[in-house]
Amino acid sequence: MSAFCDDVLGTADAVEVARRIRSGEVRASEAVEAAIARAERVNPSLNALATPLFESARERARRAGGGAFAGVPSFIKDTDPVAGSPYLFGSRGLPREPAAKSSPFVEQFLSLGLINLGKTTLSEFGLTGTTEAVVYGRTHNPWKRGFSPGGSSGGSAALVAAGVVPIAHANDGGGSTRIPASCCGLVGLKPSRGRLVEFEGTRLMPVRLQHQGMVSRSVRDTAVFYHAAEQAHRNPKLPEIGLVTRPGRRLRIGVYSGMGAGEPAHPDCVAGVTEIAELCQGLGHVVEEVAPPFDEDFHEDFLLLWSMMAFAIAQFGRQLVHPEFDRNGLEDFTEGLARHFRANITKAPGAIRRLRSFGRRHGEHFYTYDVLMCPTMATPPPEHGYIGPEVPFETALERMRWMVPFTPVQNVSGEPALSLPLATSRDGLPIGIQFVSKMGAERTLLELAFELEEASPWRTLAR
């Protein structure tokens, strides 16, 4: 597929756009106007915009202030309220009324100077690994129509991959930043737990799975974002990332591509991990095969915790989500998860206890290794309908468990995990490779990412 956006601002990364605005080469209003034109051109094909906010973006551009990304256009995923905009969370169960105020994370995100052009699509309440919510309709992968951009941050990923904006908001409760990064050929970092301002209500969960973040096309955009974000919100319990600009020390890397019980991932994903493991070895890193750090019990326990969220939404949506929440609008998959939790509710205390213990035990891998590497997903990007809302619950659940066995691990452990678009399927679609390090070690991942981006540059649709 040819590039969606071939103008100079559509091909530049956020650091470059911000530099041009600071130097006076372009005005913030011009950068925003160009991004709006790109959005209007490509969104009919992608269906990635939940709510355009072009007029408020124009107004903000006229009074753009400072920040590392001052004047750079972006988008906010429709999981977070933005003052004055409808807030749907991918569900027909929420009313289309404007939010009274923005979430604390949105305030942090926009404090970096980014200008929000609108809200992006996701799966209902972010509960599946695709972006085919009934309330919006299907969002297409810009690499190939008819294929999923992943989920739940699929709308943001599709717009960044297509070159509409250089970076956009994403978040991750079981892989929802890394999965669309893998499907759309982007950089997707799930940071350490507590690195960014958290979701409101996150601490009510027995295991804090949800992590805010973003997706980009370049490593330096991700590195600059996290450096700038920690100036606005510094967690003293975590090591400072600082500004990462170059490769770092040689690392000891443990590699796996199986899903446990001897079951391999898709051959294209295995081949991608093997190729990048050999590249890392050639760059001087010590690379060793390791066993997958999880088993079937982990996935059963994670599913029960994941189902608890759907159960809470279904039963207490008016208290937790919105006073006018209508349960009758829920999709079958969300209701199916709620039923799964009700049927297994007596197992929940044991599952929570084991998941908390797992998070502590997983960190022990980093006594031996600096980084663990695996496929981001067990499959290349799926076609629409693979786990869409028309698929019966049990079938969709089994397919999702096969597709994304790797990413939930770090939501439980809280460790940082980074997906890089370093491989390609036989059909020419992107495949992400995931790199994981110990709590607070985003710097290690970003230094490795700079080295791999230089050694094996990835193709993007925006170039």
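Each reported figure results from applying straightforward, stated rules to the coordinates on display, with no laboratory input. Bear in mind that the values here come from a model prediction, so they are computed numbers and not experimental data. Neighbour counts run over all protein chains shown; Cβ positions are idealised from the backbone, glycine included.
Overview of results
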{"item": "Kyte-Doolittle mean at least -1.0 and Cα axial length at least 18 Å: DSSP H helices in the chain", "result": "28-46, 219-232, 267-282, 296-320, 348-362, 442-455"}
{"item": "Overall dimensions of segment 1-80 as given by Cα atoms, namely Rg and Dmax in Å", "result": "12.8, 37"}
{"item": "15 Å reach of a label modelled at D427, 7 Å along Cα-to-Cβ, counting backbone N of segment 256-285", "result": "266-269"}
{"item": "Expected 222 nm ellipticity per residue - DSSP helices of 4 or more, -39500 (n - 2.57), all of the chain, to 500", "result": "-12000 deg cm²/dmol"}
{"item": "Segment 271-327 versus segment 375-408: alpha-carbon centroid distance in Å", "result": "12 Å"}
{"item": "Residue-span extension gain [E55 to E324] - 0.36 nm each, minus C-alpha spacing", "result": "94.1 nm"}
{"item": "Within-9-Å neighbourhood charge of G363 [Cβ basis; K, R +1; D, E -1]", "result": "+1"}
{"item": "Segments 39-49, 118-128 sorted - mean Cβ within 10 Å per residue, highest first", "result": "118-128, 39-49"}
{"item": "Two-decimal Rg/Rh across segment 245-366, once Rg and the Kirkwood Rh are taken from alpha-carbon atoms", "result": "1.13"}
{"item": "Relative contact order (%) - segment 169-230, alpha-carbon pairs under 8 angstrom, separation at least six", "result": "40 percent"}
{"item": "Set K144/K438; K101/K144; K119/K190; K77/K347 screened for pairs whose C-alpha atoms are more than 31 Å apart", "result": "K144/K438; K101/K144; K77/K347"}
{"item": "For F199, distant residues with modelled amide H under 5 Å away", "result": "Q212"}
{"item": "Local electrostatic count, P73, Cβ distance below 11 Å [Lys/Arg +1, Asp/Glu -1]", "result": "+1"}
{"item": "Neighbour net charge for V255 - beta-carbon separation under 12 angstrom, K R +1, D E -1", "result": "-3"}
{"item": "Per residue convex hull volume, Cα atoms of segment 135-238, in Å³", "result": "111 Å³"}
{"item": "Zero-based 10 Å bins, Cα pair distances in segment 8-455, whole percents", "result": "5, 23, 34, 27, 10, 1, 0"}
{"item": "For segment 22-56 and segment 335-359, distance of Cα centres in Å", "result": "43 Å"}
{"item": "Alpha carbon centroid spacing (whole Å) that separates segment 221-266 from segment 80-153", "result": "25 Å"}
{"item": "Fewest-first ranking of E55, E33, E263, E331, using other Cβ atoms within 10 Å as the exposure measure", "result": "E55, E263, E33, E331"}
{"item": "DSSP-assigned coil residues among trypsin sites (Lys or Arg not before Pro) in segment 131-208, each with at most 13 further Cβ atoms within 10 Å", "result": "R145"}
{"item": "Ascending count of other beta-carbon atoms within 10 Å, so fewest first, for W143, W306, W458", "result": "W458, W306, W143"}
{"item": "Of all DSSP beta bridges in the chain, antiparallel share, percent nearest 5", "result": "70 percent"}
